[in-house]
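Notes follow once the structure below has been shown.
The values are calculated or read from the model by the stated rules, or taken from the named source; none is laboratory data. Just so it is clear, the structure is predicted and the values come from calculations on it, not from any experiment. Side chains are part of the model used for accessible areas, which takes the heavy atoms of the whole protein and leaves out ligands, DNA and RNA. Shrake-Rupley method; radii C 1.70, N 1.55, O 1.52, S 1.80 Å.
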Amino acid sequence: MNKRERLTPIAAVLAALATLACCLPVGFIGAAGLAGLSVWSARLRWWLLGASLGLLALAFAQLYGKKRSCRRPSATSVALLWIAVALVLTILLFPQWVASVLAW
(Lines give C-alpha, C1' and ligand atoms only; values in the text may rest on other atoms or scores of the structure.)
Protein backbone atom coordinates (compact mmCIF):
# COMPACT_ATOMS: atom_id res chain seq x y z
CA MET A 1 0.00 0.00 0.00
CA ASN A 2 1.57 3.25 -1.07
CA LYS A 3 1.47 6.52 0.78
CA ARG A 4 -1.39 7.96 -1.30
CA GLU A 5 -3.68 4.99 -0.58
CA ARG A 6 -3.13 5.38 3.16
CA LEU A 7 -3.73 9.13 3.19
CA THR A 8 -6.96 9.09 1.18
CA PRO A 9 -9.20 7.61 3.95
CA ILE A 10 -7.58 9.88 6.54
CA ALA A 11 -8.21 12.90 4.30
CA ALA A 12 -11.82 11.82 3.86
CA VAL A 13 -12.31 11.60 7.63
CA LEU A 14 -10.68 15.01 8.13
CA ALA A 15 -12.90 16.52 5.43
CA ALA A 16 -16.00 15.10 7.15
CA LEU A 17 -14.87 16.48 10.51
CA ALA A 18 -14.16 19.86 8.92
CA THR A 19 -17.67 19.87 7.51
CA LEU A 20 -19.10 19.21 10.97
CA ALA A 21 -16.85 21.81 12.56
CA CYS A 22 -18.13 24.36 10.09
CA CYS A 23 -21.82 23.83 10.81
CA LEU A 24 -21.94 22.44 14.35
CA PRO A 25 -21.53 25.75 16.22
CA VAL A 26 -24.39 27.24 14.22
CA GLY A 27 -26.58 24.30 15.23
CA PHE A 28 -25.67 24.75 18.91
CA ILE A 29 -26.43 28.46 18.74
CA GLY A 30 -29.79 27.76 17.09
CA ALA A 31 -30.65 25.10 19.68
CA ALA A 32 -29.73 27.45 22.52
CA GLY A 33 -31.87 30.19 21.00
CA LEU A 34 -34.86 27.86 20.64
CA ALA A 35 -34.39 26.62 24.20
CA GLY A 36 -34.42 30.20 25.45
CA LEU A 37 -37.51 30.96 23.39
CA SER A 38 -39.31 27.90 24.73
CA VAL A 39 -38.56 28.89 28.34
CA TRP A 40 -39.90 32.36 27.65
CA SER A 41 -43.00 31.16 25.79
CA ALA A 42 -43.87 28.47 28.37
CA ARG A 43 -45.28 31.20 30.61
CA LEU A 44 -47.51 32.35 27.76
CA ARG A 45 -48.78 28.87 26.83
CA TRP A 46 -52.40 29.35 27.89
CA TRP A 47 -52.59 32.82 26.36
CA LEU A 48 -51.24 31.51 23.06
CA LEU A 49 -53.67 28.57 23.08
CA GLY A 50 -56.52 30.97 23.83
CA ALA A 51 -55.43 33.17 20.94
CA SER A 52 -55.31 30.09 18.68
CA LEU A 53 -58.84 29.08 19.66
CA GLY A 54 -60.06 32.65 19.19
CA LEU A 55 -58.50 32.89 15.75
CA LEU A 56 -60.02 29.53 14.80
CA ALA A 57 -63.43 30.83 15.88
CA LEU A 58 -62.86 33.92 13.73
CA ALA A 59 -61.89 31.70 10.79
CA PHE A 60 -65.06 29.63 11.22
CA ALA A 61 -67.15 32.81 11.34
CA GLN A 62 -65.53 34.13 8.19
CA LEU A 63 -65.77 30.86 6.31
CA TYR A 64 -69.17 29.56 7.37
CA GLY A 65 -70.81 32.69 8.76
CA LYS A 66 -73.18 35.06 7.08
CA LYS A 67 -72.94 34.64 3.34
CA ARG A 68 -72.48 37.86 1.43
CA SER A 69 -72.44 36.21 -1.94
CA CYS A 70 -73.62 33.01 -3.57
CA ARG A 71 -70.13 31.53 -3.71
CA ARG A 72 -69.26 28.53 -1.60
CA PRO A 73 -65.97 28.42 0.30
CA SER A 74 -63.16 26.87 -1.70
CA ALA A 75 -62.08 23.34 -0.88
CA THR A 76 -58.57 24.59 -0.10
CA SER A 77 -59.85 27.04 2.52
CA VAL A 78 -61.99 24.40 4.15
CA ALA A 79 -59.14 21.86 4.17
CA LEU A 80 -56.67 24.36 5.65
CA LEU A 81 -59.15 25.32 8.35
CA TRP A 82 -59.72 21.71 9.38
CA ILE A 83 -55.99 20.98 9.35
CA ALA A 84 -55.46 23.97 11.65
CA VAL A 85 -58.25 22.71 13.94
CA ALA A 86 -56.63 19.26 14.07
CA LEU A 87 -53.22 20.73 14.89
CA VAL A 88 -54.52 23.02 17.63
CA LEU A 89 -56.60 20.26 19.22
CA THR A 90 -53.67 17.84 19.08
CA ILE A 91 -51.40 20.36 20.78
CA LEU A 92 -54.09 21.17 23.35
CA LEU A 93 -54.99 17.57 24.21
CA PHE A 94 -51.61 15.82 23.80
CA PRO A 95 -48.85 18.36 24.58
CA GLN A 96 -46.31 15.81 25.81
CA TRP A 97 -46.73 13.62 22.74
CA VAL A 98 -46.30 16.64 20.44
CA ALA A 99 -43.16 17.65 22.35
CA SER A 100 -41.67 14.20 22.00
CA VAL A 101 -42.47 14.10 18.27
CA LEU A 102 -40.86 17.51 17.76
CA ALA A 103 -37.80 16.48 19.79
CA TRP A 104 -37.33 13.37 17.71
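Just to confirm, what accessible area per residue do you get for the range 52-104 at 1.4 Å probe, in whole Å²? Mind dumping the intermediate values first?
On the way: 4550 Å² over 53 residues.
Here the per-residue accessible area is 86 Å².
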Please list 3J(HN,Hα) in residue order for the range 10-16, calculated via the Karplus relation 6.51 cos²θ - 1.76 cosθ + 1.60 where θ = phi - 60°; whole Hz, with x for glycine and proline.
5, 5, 5, 5, 5, 5, 5
